[in-house]
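Working notes, beginning with the structure itself.
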Amino acid sequence: MADSEGNERSKQTAIINHAADEGDEKSLAEIQKAKNEGKELTKEEKLRLRKEKKQQKKGKKDDKGPTEKAPVKEKTANPPASSQPVTQNAAQKAPSAVSVPVSESTAPTDKSAKSKAELKAERRARQEAERASKQAKKEPGSQAPSSKSKAPPSELQPAVKRLPEHIQVDDPAVVRKLAKKLERQQKSGQGTSLNVSRVKIPLRSDYGYKVSLFSHLHQYSRKAPLTQQISIPATVIHPSIVRLGLQYSQGIVAGSNARSVALLHAFKQVIQDYSTPPNEELARDLVNKLKPYISFLNQCRPLSASMGNAIKYIKKEISNIPSQYKEEEAKKKLLSCVDSYVNEKITLAAKGISKYAIDKISDGDVILVYGCSSLVNHILCEAFEKQRKFRVIVVDSRPRLEGREALRRLVNRGIRCTYVLISAVSYVLPEVSKVFLGAHALLANGYVMSRVGTSQIALVAKAYNVPVLVCCETYKFCERVQTDSFVSNELDDPDDLIVTRKGKTHLADWQSETSLGLLNLVYDVTPPDFVDLVITELGMIPCTSVPVVLRVKNVDQ
Amino acid sequence: MELQAVLMAAGGGSRMMDLTYNTPKPLLPVGNRPLIWYPLNLLERAGFEEVIVITTKEVQKALSTDQRLKLDVKMKLNVECIQEDADMGTADALRHIQQKLKTDILVVSCDLITDVALHEVVDLFRAHNATLSMLMSKCTSSRRRVPVKKAEREQRDFVGVDSAGKRLLFMANEADLDEGLIIKKSVMRKHPRMHIRTGLLDAHLYCLKRSVVDFLVENKSISSLRGELVPFLVRKQFSKTSISRREEDHSDQSQKRKDATAALDEALLQLASERSCWNDHSGDMSEAYHGGRLRCYAHIMQEGTCYRVNTLTSYVEANRVAPKLFEEAAVHPSAVISERSQVGGDSIIGASCHIADKTSIKRSTIGASTIVKEKVKITNSIIMNSVTIEEGCNIQGSVICNNAVIGRGADIKYCLVGSGQRIEAEAERTNDVIVGSDQLMEI
């Protein structure tokens, strides 16, 4: 038995060598079949992988394209040159070829009654082979969802798109790649200028146990700020950006509008302090300079959709600066662009929205608001100025308790308010006539992304037939599509959920409890069926018209 | 540039004249390194590349010429000299160098030995846009017997912080108070919960805004940072016609050229804070920070080391603790230690020392070029550079300064032997301060 197996293996090695010489796709299938059996082959495979990796590294230094194909070529033994799609196809066929011989090989193996251990070994060998083939695929940039590496790739290969990296936090390889990317970004900003200072944006490490459903997201602790890892007189990152990042991570600047405005303010400081290096053009160099700052801010707190749109706008404006502009002129133009953006998209938009919204508020209304939305507060204050008679019910939720701030601002103006926690929403709703909600972002499929708890309020309001009006400026419209709150969200510091009463903290050492996880979600997603109207500065539109607005905006630009 | 570091090294060490009458305080050896090395190392580790050092000519000369002083810092030291007899306070010194100060400043004193994470102090300064941010530490009292001339009772400092422990609400020294603590009602209304602490050590590490320097230039009456400026700023947080108005005037004057842009920036910042749903307190109807423009914060270290070497007690304490802060070879490679001597693990031997046979050195610091002859027992002591200790001596809990000579068979317990002094053979001194006769009249 052993002899025959040994003979088989030697035969298989002969097949592989043969295949390497000839370069036939049929022999490829044989290789894959051979790979399924026996651990010795995986050792060879590992050796080959090591060689390939070395060659890939060399290849990266010289020329990315063709030399990278070389190891892939070696592996698949295909004819060279312009064969990238072919190699890709071959590589893709390889796992499908795997599934075929797998089914073939499992039949005889069942019949030959192999032990459980040997089956496990086969499976392991198969997985190693697939992982190896995937690694080779990753360089040419083909599609391989690494977060689903456990599932058989052959089934998912054709349909699955690559998940963005900020979502795959549970995969260590992706995290390492992100760290490298952050390092690379800083070097890329220098280009050909003479005094190159290596800027490294530190990677913030995750904190505490993450609930498994959200393990693909980052969870940071407020007690470990990112400034711990950078030098104190912030030279590599502009001081106003460091200050902004700190204010984001500590929650001093919170709320979609406030964050965007603060970001634009910081960018104004950066632009004012910027000076073009000798051989560079302002249009290109400034954009490169902004990249590490944006990475830094992202590490402090994930960027919001409004911030993302503001950044896109600024980058577009910078790259559209004509090259004959002198530095002073260019800077002045940029600063005025930023000011006009804030003015149009935030200040004037708020005015426009409140005009439309006030039409919807009639005397004797009881308006329910949730949390602290700067826009909704603005609307209510304006309505009160215009002598509308209404009262407000402010709904609040832990751990942020932002409703207290909304309550303070409304009461300061003289509006009659009631304050409840979200658990009392269904008791309070019978007397409510309208619900006004703010939004963090409006997604392209009409879903509303807002503070966690908003979807609950919308649901209960729908059940009581109370109209739900969402107020949102158009600059918060986002091209993303999401149907649930799991796939993309933000995890806040879990220690915020811990309550200390009379000096006693029961959850002080929650990390030592193995079966306990604390989850502090920040956003959730409300489906458009629960939202009756979206009030924007372009008018009052139904939720499903959001993609139309986006399309119109893109056409304009 | 965000912060400029200023190191105050011109102080005279008035509370330990016995040690400092010959050696200026920044050059006193602690763990065989000059005292000034510790704050410089702290700044270097934090990432500073340039430091402005305010010191006397003597110290500057010593730093640049003396090879024995291990000052291997990679930062650029921008040394500013002031006259030693000018009796300048720390605020006066800042006024002196105000031309060099272009951004917000971080003021450190040369006698600070600490391993604090500096970002804690600076983060408070940045995040809350504070005018002042300082470092304080919970004092640890030492129980050891140290050579003291007379009982030195420190005047207590009363520090009031808010319930979160970050915002400074009240600061006064016992010397300034007549009968009792007076706390204004406006402070109590805004911050109903205040913790007043007395056991805190002020580390003399301040982050100050640039406008404070301008204010100092205007008000020449303030001469000390610690004694006058800081309590003034803490008080002015809550006054109606606050310094912030005056600061605004200054900033307006200096920015008249960039008037429009500055105003627009301010407006943006104002808009951001209006739209932000954050408040630093809850329960009353006022906005974040109660609308005050001037804010003072303090970071109180709960654990870790923080020493200010300004008295003899703290000097001895620091000598014991400082070497543990930095991993360094306890025994300098160039020291010659004979085989039959016992050198304890927590002792530090400086360069070019000669330790003869049958000596026992425990928990002590021996400076450079010191000669220790046979059968000497040194415990819990600090021996500075170029000291000669003859045979058979027994030194316990003492401080022997530079160039001293201890005669044969002397028994020194808890004494302070001044610089260049000679102790005759077979002398027995306990709890004594042996200094030169010309120093005896210093009071």
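Side notes on the structure shown:
- Between the residues B:Asn32, B:Leu168, B:Gly283, the greatest Cα displacement towards the positive end of the dipole of chain B, with unit charges on the Cβ of Lys, Arg, Asp and Glu, is found for B:Gly283.
- Counting only Cα atoms, region A:234-393 measures 66, 34, 19 Å along its principal axes, largest extent leading.
- Modelled this way, with points 7 Å down the Cα-to-C-beta line, the labels at A:Gln127 and B:Ala175 are 7.2 nm from one another.
- Taking label points 7 Å from Cα along the Cα-to-Cβ direction, A:Glu317 and A:Lys355 give a separation of 2.3 nm.
- Listed pairs A:Lys291/A:Lys312; A:Lys289/B:Lys102; A:Lys351/A:Lys389 exceeding 22 Å between Cα atoms: A:Lys289/B:Lys102
- Relative frequency of Cα-Cα separations exceeding 17 Å in region B:284-349, percent: 67 percent
- Annotation: the residues A:Arg301, A:Arg501, sorted from fewest to most other C-beta atoms within 10 Å of their own C-beta, follow the order A:Arg501, A:Arg301.
- Virtual spin-label span in nm between A:Ser212 and A:Leu516, 7 Å along Cα→Cβ: 2.0 nm
- In this structure, the pairs whose alpha-carbon distance is over 26 Å, taken from B:Lys57/B:Lys138; A:Lys504/B:Lys185; A:Lys60/A:Lys181, are B:Lys57/B:Lys138; A:Lys504/B:Lys185.
- Measuring between their Cα centroids, region A:211-271 and region B:318-362 lie 47 Å from each other.
- Cα-centred dipole magnitude for chain B, charges only on beta-carbon of K, R (+1) and D, E (-1), debye, nearest 20: 640 debye
- Dividing the radius of gyration of the alpha carbons in region B:330-434 by their Kirkwood radius gives 0.93 for Rg/Rh.
- Kirkwood radius and radius of gyration were both taken over the C-alpha atoms of region A:409-557, and their ratio Rg/Rh is 1.05.
- Calculated FRET efficiency for the pair A:Asp556/B:Gln98, C-beta based, R₀ 51 Å, to 0.05: 0.45
- Charging the Cβ of each Asp and Glu at -1 and of each Lys and Arg at +1, and nothing else, the dipole of region B:330-434 about its Cα centre rounds to 160 debye.
- Checking every one of the trypsin sites (Lys or Arg not before Pro) in region B:97-139 against DSSP loop status and a limit of 16 other Cβ atoms within 10 Å picks out B:Lys100, B:Lys102.
- Our note on the geometry: Cα centres of region A:295-373 and region B:14-83, 51 Å apart.
- Calculated Rg and Dmax of chain B using C-alpha coordinates, Å: 24.6, 80
- Summarising the amide proton neighbourhood of A:Thr418: residues at separation of 5 or more, or on other chains, whose placed amide H is nearer than 5 Å comprise A:Val392, A:Ile393, A:Val394.
- Between A:Arg388 and A:Gln272, residue separation times 0.36 nm minus the direct Cα-Cα distance comes to 37.3 nm.
- For region B:1-83: rounded, prolate or oblate by the Cα gyration tensor [a/c cutoff 1.5]: prolate
A short reminder: the numbers here are calculations on the coordinates, not readings from a lab. The model shown is predicted, which means the values in this text are computed figures rather than measured ones. Quick reminder, even Gly has a Cβ in these numbers, built from the backbone with ideal geometry, and neighbours come from all protein chains shown.
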